[in-house]
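Everything on this sheet refers to the single structure shown next.
Every read-out reported here was derived from the displayed coordinates using simple, explicitly stated rules and does not represent laboratory data. Being a predicted model, the structure only gives us computed values, none of them experimental. Note: ideal-geometry Cβ built from the backbone for every residue, glycine included; neighbour counts use all protein chains shown.
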Amino acid sequence: MGKWKNTGKRHKVQILWALLTNSYLVGYVQGKIYRGPLKNLCVPGLNCYSCPGAVGACPIGAMQAVIGNWNFKFAFYVAGFFLFVGALMGRFVCGWLCPFGLVQDLLHKIPFPKKIKTFRGDRILRKLKYVILVVFVILLPLFLVDVLGQGAPYFCKLICPAGTLEGGIPLVLLNRSMRGAIGWLYIWKNILLVITIILSIIIYRPFCKYICPLGAIYSVFNPVSVFRYRVEQEKCTDCGACARICPMQVDPMRNANHPECIRCGACKEICPVHAIQSTGKFCPSKQPWPNCQKIDEKK
């Protein structure tokens, strides 16, 4: 995989956002979860509610918490949050704002004899995240409910390695009572986390590609989001550099807003003729978005 300068800038934004959304430092000292008013607000990326430093709620966790009960007010808020963030940015959130995406990025920098870009069955396996979204985030919490009509957060409880890393492990280490209550579920979640870590060293963002239900939701908005990519065909020389450098194995020439694109910017930077541009920037004229970029170039 090639290297590009934009990675450093992107990682700085990721680190800053991770610190902002996990700024409740007292939680790491006391081993307690922040429960203030900000916890009612969702953050764009996958950031565990149970992380001692988390000041906001994970949207996937919030969806599971309300989808099976009668709290329509909060359910509408979560649905509206997905629509707003998705329509505005699409999977830009995955590439620039998700803390667990940053963890995978850094793990992939660890040297390994053979990095795997793709393999047989890769494309089919990427559909798994949509199955997980439907089954574990929607159907199970919707239909398997308790006497109060509330479903359990099955994805967080049974699968999510981000929750184990950010919430489960810190809380167990900081609370002696929790260490005595460790059972098979905690062991299972840690096994999944170890597998995810190992795969992240070998494969670029395996959790994002194959498992993450949040990425599945945002991917639907990629082609229609305000921030998206476009290719100026009159400039393109069809050199293939953009497809070769893409860490998510997307070919921008065929589909610049493919559902797998996380807007990392590698294709834009590597293009020798600057044929790939991002739209959705502020346009001082009344021109439509495709013409706005051309006006900026003339300036």
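Annotations for the structure displayed:
- The Ser177 and Ile202 beta-carbon pair, evaluated with R₀ = 45 Å, returns a calculated FRET efficiency of approximately 0.75.
- With a cut-off of 15 Å between beta carbons, the residues surrounding Leu185 carry a summed charge of +3, where Lys and Arg count +1 and Asp and Glu -1.
- DSSP-loop trypsin sites (Lys or Arg not before Pro) across the range 173-236, with at most 14 other Cβ within 10 angstrom: Lys235
- Helical segments meeting 20 Å axial Cα length and Kyte-Doolittle 0.5 threshold in the chain (DSSP H): 72-89, 184-202
- Local net charge near Phe155, Cβ-Cβ under 13 Å (Lys/Arg +1, Asp/Glu -1): +3
- Residue with peak Gaussian network fluctuation, the chain [Cα springs, cutoff 10 Å], from Asn22, Asn190, Asn175: Asn175
- The range 67-211: relative contact order as a whole-number percent, Cα under 8 Å and 6+ apart: 38 percent
- Theoretical FRET efficiency, 1/(1+(r/R0)^6), r = Cβ-Cβ of Arg35 and Cys236, R0 51 Å, to 0.05: 0.45
- For the chain, built as a Gaussian network whose Cα springs stay under 10 Å, the top-fluctuating residue of Ile110, Ile211, Ile202: Ile110
- Going through (i) 18.1; (ii) 14.9; (iii) 16.4, the figure that equals mean projected area of the Cα convex hull in nm² as computed for the structure here is (i).
- Charging the Cβ of each Asp and Glu at -1 and of each Lys and Arg at +1, and nothing else, the dipole of the chain about its Cα centre rounds to 520 debye.
- Exceeding the 20 Å Cα-Cα cut-off - candidates Lys115/Lys189; Lys127/Lys209; Lys109/Lys209: Lys115/Lys189
- Loop-located trypsin sites (Lys or Arg not before Pro) in the range 80-175 (DSSP state other than H, G, I, E, B) with a sparse environment of at most 13 neighbouring Cβ atoms within 10 Å: Lys109, Lys114, Lys115, Lys117, Arg120, Lys127.
- Using the Cβ of Cys267 as centre and a radius below 11 Å, the other residues enclosed give a net charge of +1, where K and R count +1 and D and E count -1.
- Fluctuation leader among Phe207, Phe76, Phe227 - the chain, Gaussian network, Cα springs under 10 angstrom: Phe76
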